[in-house]
1. Please go through the range 1-26 and pick out each residue that is free of Cβ contacts under 8 Å to residues at least 60 places away in the same chain and of a type in the set (Val, Ile, Thr).
2. State whether one or more residues within the range 72-95 are under 20 Å from LEU17 (Cβ atoms), surrounded by fewer than 17 Cβ atoms within 10 Å (Cβ to Cβ) and hydroxyl-bearing (Ser, Thr, Tyr).
3. Residues of the range 100-121 being among the small types (Gly, Ala, Ser) and free of Cβ contacts under 8 Å to residues at least 60 places away in the same chain, which ones?
4. Residues of the range 49-71 being in contact with a helix residue (DSSP H, G or I) (Cβ under 7 Å, 6 or more places away or on another chain) and not charged (D, E, K, R), which ones?
5. Any residue at all in the range 119-129 that's among the polar types (S, T, N, Q), surrounded by 23 or more Cβ atoms within 10 Å (Cβ to Cβ) and at pLDDT 95 or above?
6. Quick check on the range 54-64: of everything there that is free of Cβ contacts under 8 Å to residues at least 60 places away in the same chain and crowded, with 19+ Cβ neighbours inside 10 Å, which residue is nearest to VAL130 (Cα to Cα)?
7. Is there a residue in the range 10-22 that is buried (at least 23 other Cβ atoms within 10 Å of the Cβ), within 23 Å of CYS135 (Cβ to Cβ) and of a type in the set (Lys, Arg)?
8. In the range 37-146, which helices (runs of 4 or more DSSP H) lie fully inside it and hold 3 or more residues that are charged (D, E, K, R)?
Amino acid sequence: MSAFTLEQASIIVDKALEKGRELGFRPLTVAVLDCGGQLKVLKREDGSSLLRPEIASGKAWGALGMGFGGREFARRAARNPIFVEALCAASGGRIIPVPGGVLVRNAEGEIVGAVGISGDSSENDETCAVYGIGCAGLVADTGDPP
């Protein structure tokens, strides 16, 4: 497995924030986790509200923990809310099953980490995550088929 570097994580965050500003989105918070669920980089834009770091991390952590992106997680949550409620309890409330949590894969398709963004709509958050991941030379997995 190839390493997921701090440089790559930093590129993801900076490019995601850049994309959000370019598109006129509300202030964002971006969290990047490694494949073990540990925080590599977190940036919170000026004006990003109080709980955004926890929400961004929860989106990434949920996607990573389940092994699929936030879009698939949201679909499963809608179909089986009792299971997701149990997952939330089992995780100590850490997971947030919505778009904006995106798995990071290397060229071989291995999961090397996850990105979570919070601040605008979930779909807009996801747009920025996908952009940042691509700029780092990695593959974004939103939970939708490629």
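The values are calculated or read from the model by the stated rules, or taken from the named source; none is laboratory data. Everything numeric in this text was worked out from a predicted model, so none of it was measured. Glycine also receives a Cβ, built like all others from the backbone with ideal geometry; neighbour counts cover every protein chain displayed.
1. The one that is free of Cβ contacts under 8 Å to residues at least 60 places away in the same chain and of a type in the set (Val, Ile, Thr): THR5.
2. Checked against the condition, which is being under 20 Å from LEU17 (Cβ atoms), surrounded by fewer than 17 Cβ atoms within 10 Å (Cβ to Cβ) and hydroxyl-bearing (Ser, Thr, Tyr), the range 72-95 yields no hits at all.
3. Result: GLY100, GLY101, GLY109, SER121.
4. Across the range 49-71, the qualifying residues are GLY62, ALA63, MET66, GLY69, GLY70.
5. no
6. Within the range 54-64, the subset free of Cβ contacts under 8 Å to residues at least 60 places away in the same chain is 54, 57-58, 60-62, 64.
Those left that are additionally crowded, with 19+ Cβ neighbours inside 10 Å: 57-58, 60-62, 64.
Numbers: SER57: 16, GLY58: 17, ALA60: 13, TRP61: 16, GLY62: 17, LEU64: 15 Å.
Across the range 54-64, the extreme among qualifying residues is ALA60.
7. No, there is no match, as no residue in the range 10-22 is buried (at least 23 other Cβ atoms within 10 Å of the Cβ), within 23 Å of CYS135 (Cβ to Cβ) and of a type in the set (Lys, Arg).
8. Values: elements: 52-66, 70-79, 81-90, 122-135.
Ranges flagged: 52-66, 70-79, 122-135.
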